[in-house]
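The values are calculated or read from the model by the stated rules, or taken from the named source; none is laboratory data. All values reported here derive from a predicted model rather than from experimental measurement. So basically every Cβ, Gly included, is an ideal-geometry build from the backbone, and we count neighbours across all protein chains shown. Heads up: the accessible areas ignore ligands, DNA and RNA and are worked out on the full protein's heavy atoms, side chains in. Shrake-Rupley method; radii C 1.70, N 1.55, O 1.52, S 1.80 Å.
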Amino acid sequence: MFGEDRADEQLERYHAVEPLLETGGDRTYREVMSAAMAELGAPEGERDALARALPSWQPHPEVRAALEAARARAWKLAILSNTDRDFIEASMEQIGVPFELAIVASEIGSYKPGHAHWERFFEQADVSRDRHVHVAQSHFHDIVPASELGLRSVWINRYGERHEPAPTRELPDVSRLPETLDELVAA
(Lines give C-alpha, C1' and ligand atoms only; values in the text may rest on other atoms or scores of the structure.)
Protein backbone atom coordinates (compact mmCIF):
# COMPACT_ATOMS: atom_id res chain seq x y z
CA MET A 1 0.00 0.00 0.00
CA PHE A 2 2.79 2.45 0.86
CA GLY A 3 5.31 1.11 -1.63
CA GLU A 4 8.18 -1.30 -1.17
CA ASP A 5 10.68 1.52 -0.57
CA ARG A 6 8.72 2.66 2.53
CA ALA A 7 7.64 -0.76 3.86
CA ASP A 8 10.29 -1.11 6.61
CA GLU A 9 9.83 2.49 7.78
CA GLN A 10 6.04 2.13 7.87
CA LEU A 11 6.21 -1.20 9.71
CA GLU A 12 8.46 0.40 12.33
CA ARG A 13 6.00 3.30 12.67
CA TYR A 14 3.09 0.86 12.93
CA HIS A 15 4.83 -0.93 15.82
CA ALA A 16 5.26 2.43 17.60
CA VAL A 17 1.67 3.60 17.00
CA GLU A 18 -0.20 0.36 17.72
CA PRO A 19 0.55 0.13 21.48
CA LEU A 20 -0.55 3.73 21.96
CA LEU A 21 -3.88 2.96 20.30
CA GLU A 22 -4.34 -0.12 22.48
CA THR A 23 -4.00 1.90 25.70
CA GLY A 24 -7.13 1.63 27.80
CA GLY A 25 -8.33 -1.51 26.00
CA ASP A 26 -11.57 0.09 24.81
CA ARG A 27 -10.97 -0.38 21.06
CA THR A 28 -11.42 -3.63 19.18
CA TYR A 29 -8.32 -4.82 17.36
CA ARG A 30 -10.07 -4.05 14.08
CA GLU A 31 -10.40 -0.44 15.26
CA VAL A 32 -6.76 -0.37 16.42
CA MET A 33 -5.51 -1.58 13.04
CA SER A 34 -7.68 0.92 11.13
CA ALA A 35 -6.62 3.81 13.36
CA ALA A 36 -2.95 2.81 12.99
CA MET A 37 -3.32 2.71 9.21
CA ALA A 38 -4.87 6.20 9.34
CA GLU A 39 -1.88 7.40 11.41
CA LEU A 40 0.43 6.00 8.74
CA GLY A 41 -1.41 7.95 6.05
CA ALA A 42 -3.46 5.22 4.40
CA PRO A 43 -6.25 6.53 2.18
CA GLU A 44 -9.65 6.50 3.89
CA GLY A 45 -10.97 3.63 1.77
CA GLU A 46 -7.93 1.47 2.60
CA ARG A 47 -7.66 1.94 6.35
CA ASP A 48 -9.34 -1.41 6.96
CA ALA A 49 -6.95 -3.25 4.60
CA LEU A 50 -5.17 -5.11 7.43
CA ALA A 51 -8.47 -6.16 8.98
CA ARG A 52 -9.67 -7.48 5.63
CA ALA A 53 -6.41 -9.34 5.00
CA LEU A 54 -5.70 -10.81 8.44
CA PRO A 55 -8.14 -13.77 8.29
CA SER A 56 -6.34 -15.15 5.24
CA TRP A 57 -2.79 -14.92 6.65
CA GLN A 58 -1.07 -18.28 6.60
CA PRO A 59 1.00 -19.61 9.50
CA HIS A 60 4.71 -20.19 9.04
CA PRO A 61 5.33 -23.57 7.35
CA GLU A 62 6.61 -25.41 10.44
CA VAL A 63 3.86 -24.31 12.83
CA ARG A 64 1.27 -27.06 12.30
CA ALA A 65 3.74 -29.94 12.62
CA ALA A 66 5.37 -28.44 15.72
CA LEU A 67 2.05 -27.84 17.46
CA GLU A 68 0.79 -31.31 16.55
CA ALA A 69 4.00 -32.76 18.01
CA ALA A 70 3.56 -30.69 21.19
CA ARG A 71 -0.01 -31.98 21.57
CA ALA A 72 1.23 -35.54 21.00
CA ARG A 73 3.57 -34.97 23.97
CA ALA A 74 0.51 -34.05 26.09
CA TRP A 75 1.00 -30.29 25.93
CA LYS A 76 -2.21 -28.28 26.03
CA LEU A 77 -2.34 -25.24 23.81
CA ALA A 78 -3.82 -21.84 24.56
CA ILE A 79 -3.66 -18.54 22.72
CA LEU A 80 -3.39 -15.19 24.50
CA SER A 81 -3.96 -12.74 21.68
CA ASN A 82 -4.15 -8.99 21.16
CA THR A 83 -6.97 -9.41 18.69
CA ASP A 84 -10.71 -9.96 18.21
CA ARG A 85 -12.53 -13.30 18.42
CA ASP A 86 -13.24 -13.54 14.69
CA PHE A 87 -9.58 -12.92 13.84
CA ILE A 88 -8.27 -15.55 16.25
CA GLU A 89 -10.88 -18.07 15.07
CA ALA A 90 -9.69 -17.53 11.50
CA SER A 91 -6.06 -17.93 12.58
CA MET A 92 -6.79 -21.13 14.48
CA GLU A 93 -8.55 -22.49 11.42
CA GLN A 94 -5.53 -21.63 9.27
CA ILE A 95 -3.20 -23.35 11.77
CA GLY A 96 -5.39 -26.47 11.77
CA VAL A 97 -4.47 -27.68 15.27
CA PRO A 98 -6.96 -27.62 18.18
CA PHE A 99 -6.45 -25.21 21.06
CA GLU A 100 -7.96 -25.68 24.51
CA LEU A 101 -8.42 -21.96 25.13
CA ALA A 102 -8.19 -18.62 23.36
CA ILE A 103 -8.20 -15.34 25.28
CA VAL A 104 -8.57 -12.22 23.14
CA ALA A 105 -8.05 -8.57 23.96
CA SER A 106 -11.42 -7.36 22.73
CA GLU A 107 -13.24 -9.64 25.18
CA ILE A 108 -11.21 -8.74 28.27
CA GLY A 109 -10.75 -5.02 27.55
CA SER A 110 -6.98 -5.16 27.80
CA TYR A 111 -4.02 -5.50 25.49
CA LYS A 112 -0.68 -7.10 26.20
CA PRO A 113 1.83 -6.18 27.57
CA GLY A 114 -0.74 -5.65 30.32
CA HIS A 115 -1.14 -8.70 32.54
CA ALA A 116 -4.91 -9.26 32.13
CA HIS A 117 -4.44 -12.04 29.53
CA TRP A 118 -2.38 -14.10 31.98
CA GLU A 119 -4.72 -13.36 34.87
CA ARG A 120 -7.65 -14.63 32.80
CA PHE A 121 -5.63 -17.62 31.61
CA PHE A 122 -4.82 -18.73 35.14
CA GLU A 123 -8.48 -18.23 36.17
CA GLN A 124 -9.70 -20.44 33.32
CA ALA A 125 -6.93 -23.00 32.83
CA ASP A 126 -6.25 -25.89 35.12
CA VAL A 127 -2.46 -25.50 35.11
CA SER A 128 0.02 -24.48 37.76
CA ARG A 129 2.45 -21.68 36.98
CA ASP A 130 5.40 -24.07 37.20
CA ARG A 131 3.97 -26.15 34.32
CA HIS A 132 3.14 -23.12 32.14
CA VAL A 133 5.51 -22.00 29.39
CA HIS A 134 4.64 -18.88 27.44
CA VAL A 135 5.69 -19.06 23.77
CA ALA A 136 5.61 -15.93 21.64
CA GLN A 137 7.17 -13.98 18.81
CA SER A 138 6.64 -10.50 20.28
CA HIS A 139 9.27 -9.55 22.83
CA PHE A 140 7.44 -6.35 23.81
CA HIS A 141 3.92 -7.81 24.08
CA ASP A 142 4.79 -11.24 25.53
CA ILE A 143 8.32 -11.93 26.71
CA VAL A 144 8.59 -8.77 28.84
CA PRO A 145 5.31 -9.35 30.73
CA ALA A 146 5.98 -13.10 31.08
CA SER A 147 9.28 -12.18 32.71
CA GLU A 148 7.54 -9.66 34.99
CA LEU A 149 5.13 -12.43 36.03
CA GLY A 150 7.98 -14.86 36.72
CA LEU A 151 6.89 -17.25 33.95
CA ARG A 152 9.11 -19.37 31.76
CA SER A 153 9.10 -18.21 28.18
CA VAL A 154 10.25 -19.23 24.73
CA TRP A 155 10.88 -16.37 22.32
CA ILE A 156 10.38 -17.27 18.68
CA ASN A 157 12.91 -14.76 17.42
CA ARG A 158 12.57 -15.09 13.64
CA TYR A 159 14.43 -11.83 12.97
CA GLY A 160 17.48 -12.26 15.22
CA GLU A 161 16.60 -9.25 17.39
CA ARG A 162 18.34 -8.45 20.69
CA HIS A 163 16.27 -7.25 23.64
CA GLU A 164 16.17 -7.47 27.41
CA PRO A 165 14.95 -9.18 29.45
CA ALA A 166 16.14 -12.44 28.01
CA PRO A 167 13.56 -15.21 27.62
CA THR A 168 14.06 -18.57 29.29
CA ARG A 169 14.80 -20.01 25.83
CA GLU A 170 15.08 -18.57 22.33
CA LEU A 171 14.34 -20.34 19.05
CA PRO A 172 14.54 -19.10 15.44
CA ASP A 173 11.21 -20.83 14.64
CA VAL A 174 8.88 -23.34 16.30
CA SER A 175 10.28 -26.52 14.74
CA ARG A 176 12.11 -27.49 17.99
CA LEU A 177 9.36 -26.23 20.27
CA PRO A 178 8.10 -29.63 21.52
CA GLU A 179 11.55 -30.70 22.72
CA THR A 180 12.18 -27.27 24.22
CA LEU A 181 8.91 -27.36 26.19
CA ASP A 182 9.77 -30.79 27.57
CA GLU A 183 13.24 -29.58 28.60
CA LEU A 184 11.82 -26.54 30.39
CA VAL A 185 9.29 -28.46 32.42
CA ALA A 186 11.72 -31.25 33.28
CA ALA A 187 14.29 -28.68 34.45
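Structure values in brief
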item: Over the chain: Rg over Rh, Cα atoms, Kirkwood Rh; result: 0.96
item: Hull-based mean projected area of the range 114-187, where the convex hull spans the alpha carbons, in square nanometres; result: 4.9
item: At R0 = 25 Å, FRET efficiency that the Cβ-Cβ distance of Glu164 and Leu20 yields, to 0.05; result: 0.70
item: P(r) of the range 7-51 over all Cα-Cα pairs, binned every 5 Å from zero, in whole percent; result: 5, 26, 32, 25, 10, 2
item: Per-residue [θ]222 nm for the chain (sum of -39500 (n - 2.57) over DSSP H runs n ≥ 4, rounded to 500); result: -12000 deg cm²/dmol
item: Of all DSSP beta bridges in the chain, antiparallel share, percent nearest 5; result: 0
item: Rounded to the nearest 20 debye, dipole of the range 1-160 from Cβ charges on Lys, Arg, Asp, Glu; result: 660
item: Shape call, the range 73-137: gyration tensor on alpha carbons, a/c limit 1.5; result: oblate
item: Separation in nanometres of the label points that stand 7 Å from Cα toward Cβ, at Glu100 and Glu119; result: 2.3
item: Low-density loop cleavage sites - GluC sites (Glu not before Pro) in the range 53-145, where at most 15 other Cβ are within 10 Å (DSSP); result: Glu62, Glu100
item: Accessible surface of the chain, 1.4 Å probe, proportion on carbon and sulfur as whole %; result: 50
item: Charge dipole (the chain, unit charges on Cβ, about Cα centre) - positive-most of His141, Leu40, Ala74; result: Ala74
item: Average accessible area per residue (Å²) across the chain - probe 1.4 Å, nucleic acids and ligands excluded; result: 55
item: Within the range 125-169, chymotrypsin sites (Phe, Trp or Tyr not before Pro) in DSSP loop having at most 10 other beta-carbon neighbours inside 10 Å; result: Tyr159
item: Total charge dipole magnitude, the range 110-187, about the Cα centre, Cβ charges on Lys, Arg, Asp, Glu only, Debye to nearest 20; result: 100
item: In range of the label at Arg85: residues from the range 26-43 whose backbone nitrogen is under 20 Å from the point 7 Å along Cα→Cβ; result: 26-33
